[in-house]
Each structure stands twice: as structure tokens, then as C-alpha cells.
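Notes for the one structure printed next.
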Amino acid sequence: MSSNASAEEQPLLTGSNMGKGLSWEKQDHRDHVADMHIHVDSLHNGLSRRDKNGEAHGSQDGTVKINLPPPEREEPRFPPEKWKTFLSFLYLTLNMAWTLTVLSIVHERMPDRTKYPPLPDIFFDVFPPVDWALDVSEFIIVVSVWLTVLMIIMHKHRFIILRRCFVIIGLLYFMRSITMFVTQVPVASTTYYCSPKANSTSPLLIVKRVLYMMSGFGLSINGKHTFCGDYIYSGHTVVLTMAYLVIREYSPRRFVIFHWIVWLSSCTGVFMVLLSRGHYTVDVVIGYYVTTRVFWIYHTMANNASLKVPGNNNFLSRIWWFSIFNYFEKNVGGVVPRQYEWPLPWPRKFSRHTRIS
């Protein structure tokens, strides 16, 4: 016990050893500081040498300025995918041809005009019929379509917008062919000319009718739309509504007056088609409702990446045309910006600039 107690009472370092230990620590500290000075001097000299290459700058007071590259930000990608645009055009063409095929068949199933008068319609009770109003409506359609095409051509991401228009109109015409086929209503006009029924439909006759109507672009103003039965729902309303929606969505925001003019012309076109008895009011209402809902649902999914992924909580992915949508939109990286450019390589002074609105 005494030996242990005496050992515990002994100092860890004697005075001489403590002094030596402290001197060693001071010497190590001085060596470490000297090494740091050497390291800083070499770093400063190295950075000063790099200053000649423009990568870093040293000053007389010892401060060092290093030029860092700007942070890279991943921008949304908007690939044109021209071949997909071509496929979407084929999709539209096939659906329009299919709709005309259905019309060629439905024409034979139309109720006899001598036995079945037009259905009661509140619009028909208020406004008297005007035959020439149909020509006015289709003239407005032609102008609206050309304005829409011109706006799309001037847009920087024109192939994406064209692809969307082709797909949406193709969907609308396919659904229209179904409603036309399942229900036939009496002819709304008592003066509109309908071609005589053949009382038999052969494949050759249907093909001839389809080509005949396609040569006139499906418009009565060209004198090639003489087959009746395409009522539910209104194709005129589909085109007029689509023209306004596309122009409103992709044209510059500051074109407020232009947007109102297009909206007013679309409303006028719809009013004229009703005034001419080209459609019943219910055809117009359904046409407007279906067109706006498909357009808005399509663009809502296109503008949100999470809605492009099917899942239990994404109920929009259960819509029947979701696979078609996903194929054409999966590579579009966000909301398409309102950017415009000259579409031709000449003159160069126009093709160099891109305007953003």
C-alpha cells in the first residue's frame, strides 16, 4: 500500500523533463507553422503563375481571386421529333378518313325527310333560318385555320404544337365518328341538299364517297359535302373552338385584342352554323364541351411530368387515349415557352433573332 501511494503521489513529469517536453512541443509547433508558411507561399506562387493563364488572380496583399464557371442549370428539353409529327399527321388523316367513311354509311340510315321533320330546338324557335349563313361560318373557319397555321409556323417549337393539334383533332374526330354512327337524327334544315340514297352500300361506293368529300376538305362551301347525317356532334364547332384555344395558348400574351377578335369570330361562326340549320344546338354544346375538355386535359398532363407516369393515384392515366398521349409527349420537358422565330433560313437578319413573349 505504501509503495502504491508513493507512486500515485509522484509527479508525472519532473521539472527537467517537463521543460524538455514543453520545449519539444514548442519546437514542433514552430516547425508546423513554418510548414504552413511554406505551403501557403507555394500555393500563392502557384496561383500567381496560373494568373498568366487567366484561371486565377493573386494580388499584392495576399488575397487570391479564383474565377469559377457559372453554375450549370438543366433547362427543359423540347425536341422537335419531326418523325413523330409526321406520325401524328397520319393519325389525323386516318381518323378524318374514318369519320367520312362512317358518314358515307350513316347517309343511308338517315330518316326520310318527307316523314320526319326537324327536331324541336329552342334556337330554331327564336331565329329564322338563313341559308347563306353556312357559307359565312365556313369562311370564318378557313380564315381561323390559316391564322392558326401561320402562328404555329412562326413559333420556335412549331413541331410540338403541330403534333398536339394533329393528335387532339384526331381524337375528336374519332369520337365524333362514334356518336354519328350510334344515333341518327332528322335533317335539321328543310332546304339543304342531300344526295339521293343508293339503298345499298358497297366498299367501292364508300371509297368513292370518301374521296369525293376529301377533295372538298369536308366543307359545304366547296360543293362537295352533299351527304347528310354528321350531326352529333358539330365538326364546325370543333374546328372553331380548337383554333381559338391554340391561338390563345401559344400566341403572345400581349395580343389581347387579337385573342378577343379570334374568340368573337369563333362565336360568330358557331352562331352562323346554327342560323343556317347546319346543326342542332345540342350538337354545338357537345362539340364545345368535348373539344375544350380534351384540349385542357391533354395540356394539363403535358405540362406536368408526374401526370405522364401511370399510377394508382393518377386517374388521368386511365383515360383511353393515355398511351397515345404518352408516346407523343414523353420527351417534352415542361411547359412549351412562347418563343418565336423566322422559320426560313433567309433573310438572315430575320433568322438570327428569337423573340420571347
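Between Tyr327 and Val149, the FRET efficiency estimated from the beta carbon spacing at R0 = 25 angstrom works out to 0.55.
Packing-based ranking of 238-246, 187-195, 220-228, 92-100 yields 238-246, 92-100, 220-228, 187-195, ordered from highest to lowest mean Cβ neighbour count within 10 Å. Measuring spread by the Cα atoms of the range 84-201 yields a radius of gyration and Dmax of 18.1, 55 Å. Need the C-alpha centroid separation for the range 247-263 versus the range 169-186, integer Å. Their Cα centres are 30 Å away from one another. Take the Cα of Thr281, go 7 Å toward its beta carbon, and the backbone nitrogen atoms of the range 100-124 under 18 Å from that spot belong to 118-124.
List the pairs from Lys115/Lys197; Lys115/Lys224; Lys84/Lys208; Lys308/Lys330 whose alpha-carbon separation is above 18 Å, in the order I gave them. From Lys115/Lys197; Lys115/Lys224; Lys84/Lys208; Lys308/Lys330, over 18 Å: Lys115/Lys224; Lys84/Lys208.
Projected onto its three principal axes, the C-alpha set of the range 159-201 covers 43, 23, 18 Å, listed from the longest axis down. Extending 7 Å from the Cα toward the beta-carbon at both Ile122 and Val207 defines two label points whose distance is 4.7 nm. Distance from the alpha carbon centroid of the range 114-165 to that of the range 322-341 works out to 26 angstrom. Here Trp320, Trp342 are placed in order of increasing Cβ neighbour count within 10 Å, fewest first, which gives Trp320, Trp342. From the largest down, the range 152-236 spans 51, 28, 24 angstrom on the principal axes of its Cα atoms. One chain, two ends: Val335 and Glu108. Fully extended at 0.36 nm per residue, the span grows by 77.1 nm beyond their Cα-Cα distance.
Report note on the peptides 118-128, 165-175: ranked by the mean count of other C-beta atoms within 10 Å, highest first, their order is 165-175, 118-128. The protection proxy used here, the mean number of other Cβ atoms lying within 10 Å of each residue, ranks peptides 256-267, 325-336, 278-289 as follows, highest first: 278-289, 325-336, 256-267. Going from the fewest other Cβ atoms within 10 Å to the most, the residues Thr85, Thr291 appear in the order Thr85, Thr291.
Residues Ser276, Ser104, Ser306, arranged from fewest to most other Cβ atoms within 10 angstrom of their Cβ, appear as Ser306, Ser104, Ser276.
Every number in this text was worked out from the coordinates using simple rules, so none of it is lab data. Small disclaimer: the values here were computed from a predicted structure and weren't measured. Virtual Cβ from ideal backbone geometry, glycine too; neighbours counted across all protein chains shown.
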